[in-house]
Amino acid sequence: MKTTRNLLLLITLTSLLACKKDAKEEKATYTAVKNSVAASECLAPANWFTIVNNTRQTPPPNEGPTSVFANNATVTNCDFHQWSWQKFLWLTNEVNGVPFFMTNMIQVNAAGQKLDPSNGIVLTDTAQASSTTDILKTPAVPKSATVYYSIFMDNLLYSTMLKYGPIAKNDPSKIKEMTFPVGSLELKTSWIDASILKDPSSYFVTQGVINGVKTKVALLGMHVVGVVENHPEFVWATFEHENLAPAYDWSKATPTSDAPVTSTVDYPFFNKNSTATVKNITSGNGIYTDVFSLYKYGVPVEKAMKGSFNVQLFMKTSQNGSENLNNIRTINQSVKSQLQGIWNNYFYNGSIWINTAGYNTPQQQAALLNSLSYNLSNSEPGKLTRGSVAAYNITMETYVQAGFSPTSIHQTSVNDLVNCFSCHNTYYNTNNVSPLYFSHVFTGYVQNLQGLNRKQIKQEHVKEIVREFNLRLKLKTK
């Protein structure tokens, strides 16, 4: 009865909002409102939060041949979100205050070389993936600090890289159908000098080494990237601290200009006395602070209907935006109500994967992914991207939220969307394709075997992204 009353109320509110619109737009508005509050049962099971000896012991998710992913015909949107959260919780199980990922995974650099974590997490990289110059800093109040990054691999992914890297160097054609095994896992994490934070008590803080200097560092965000059954493209999930930067205010948006973002909250990456436009989240802009989050949970918005109820219309893409957003919102609420301790201050900002239904063997899946190549990220209606088709982390994809070269937030279309597959796909070095190239650490390892140093590897990586972007542009203009 409560649901029925809510829907009746929403219908009434929608009618008021749309009274001056034509019938077609009124119907679209009603649908958006109804879907945006639709009930969802994407929940976090209680056994994820089992406490033994005052320590949470989340079990690892089932991701192999007996998992929900084994049947491409019945796996649901929620299944991927549940995997993402459970994997994050499992990785952050602590022993004596140290999370699992720090003691049971291998820290590497972008060239696939092992790092020595004996003095703490090694932090040297500052530039974001899409550029050699895009960095993220806190405002100069009281002083500015730069975000640093680290990469972790599990033994399965690391050993696979060592096995196929030399083959890829000598004869790339031999790895065309090779994929990383189910269970392979890679993490990218973002950190900052903890002393810069006004209140570091809500962050996970640990020992780090910044450019050789021991420093207490705070965890800002984490990409959890893992292979599950039938998905050699990996599931790309992202998490971040809940209080890093403000969200774009769509209720003040206009179709002709970018409304300034203002804030009264002390965010580490936004000065509350500042304003910002799309330039603050544009690659190559030279503005490295006062950034903001554009799309909630990586679900792209078409526009906002002005009025008291701030109705958002989702962009038409390959994924049902309302279903995806509701599932993420609901599972985040479910986790929040059950999770205790420092990790309750981090939230899940979405994930992305490929619909592989109908492709039931690793060979068929590899062939599908190779055929899509650099166009894998295409999220137009009818395409295969699923989940948060505009997925991002505010500390790692800060400057590509509105696409590679936006002029206005409100002119962004489905063709401009950037997600993990815009940079991570099977395409490599013009003529080569393989699902192994999804991991940039793998390509960096191959380039290191070819004699490139870390700086050159970064430059080649950016060149590769630019090349793929230009190829996609050619496809769009045909």
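Full extension of the chain segment joining LYS336 with ASN72 gains 92.1 nm, where the gain is 0.36 nm per residue of separation less the Cα-Cα distance.
So what's the gap between the Cα centers of the range 277-302 and the range 181-216, to the nearest angstrom? So the two Cα centres are separated by 23 Å. Mean projected area of the Cα convex hull of the chain, taken over all directions, amounts to 23.4 nm². Of TYR295, ASN170, SER195, whose Cα points farthest to the positive end of the dipole of the chain (charges on the beta-carbon: +1 Lys, Arg; -1 Asp, Glu; origin at the Cα centre)? Working it through, the farthest residue towards the positive pole turns out to be TYR295. Spacing of the modelled spin labels on ASN155 and ALA247, each 7 Å from Cα toward Cβ, amounts to 4.2 nm. Rounded to whole numbers, the Karplus 3J(HN,Hα) couplings from phi for the range 63-69 are 9, x, x, 9, 8, 5, 6 Hz, using 6.51 cos²θ - 1.76 cosθ + 1.60 with θ = phi - 60°, and x at Gly and Pro. Label separation (GLU41 vs ASP116): 5.5 nm, computed from points 7 Å beyond Cα along the C-beta direction.
Here the chain carries DSSP beta bridges of which approximately 95% are antiparallel, counting only pairs with both residues inside.
Projected over every direction and averaged, the convex hull enclosing the alpha-carbon atoms of the range 145-213 yields 7.2 nm². For the range 46-51, backbone phi angles converted through the Karplus equation (6.51, -1.76, 1.60; θ = phi - 60°) give residue-by-residue couplings of 5, 5, 5, 10, 5, 10 Hz, Gly and Pro being listed as x. Charge dipole of the chain (Cα centre as origin; +1 on each Lys and Arg Cβ, -1 on each Asp and Glu Cβ, all else neutral): 680 debye, rounded to the nearest 20. For the range 458-475, 3J(HN,Hα) computed residue by residue from phi via the Karplus equation (6.51, -1.76, 1.60; θ = phi - 60°) reads 4, 4, 5, 4, 5, 4, 5, 4, 4, 4, 5, 4, 5, 5, 5, 4, 4, 5 Hz, glycine and proline entered as x. Extension gain, THR407 to LYS463, is 17.9 nm, computed as 0.36 nm per intervening residue step minus the present C-alpha separation.
Averaged over residues, the count of other Cβ atoms within 10 Å places the peptides 363-372, 117-126 in the sequence 363-372, 117-126, highest first.
Binning the alpha carbon pair distances of the range 144-286 at 5 angstrom intervals from zero yields the distribution 2, 8, 12, 13, 14, 13, 12, 11, 8, 5, 2, 0, expressed in whole percent. The sum of -39500 (n - 2.57) across all DSSP H runs of n ≥ 4, divided by the residue count of the chain, sets its helix-only mean residue ellipticity at 222 nm to -9000 deg cm²/dmol. Protection proxy ranking, highest mean first, for peptides 468-475, 381-388: 381-388, 468-475, where packing is the per-residue count of other beta-carbon atoms within 10 Å, averaged. Per-residue extension of 0.36 nm, minus the Cα-Cα distance of ILE51 and LEU452, leaves a gain of 139.6 nm for this segment. Each part reduced to its alpha carbon centroid, the range 411-433 and the range 58-114 end up 25 Å apart. Atom-type composition of the exposed protein surface of the chain places 52 percent of the accessible area on carbon and sulfur (1.4 angstrom probe).
At q = 0.10, 0.15, 0.18 Å⁻¹ the log10 of I(q)/I(0) for the range 74-220 amounts to -0.45, -0.93, -1.20, computed by Debye summation with a single uniform scatterer per C-alpha, solvent ignored.
The values are calculated or read from the model by the stated rules, or taken from the named source; none is laboratory data. Keep in mind it's a predicted model, so treat the numbers as computed, not measured. Methodologically, a virtual Cβ is constructed for each residue, glycine included, from the backbone with ideal geometry; neighbour enumeration extends over all protein chains shown. All accessible areas refer to the heavy atoms of the entire protein, side chains included, with ligands and DNA or RNA removed. Shrake-Rupley method; radii C 1.70, N 1.55, O 1.52, S 1.80 Å.
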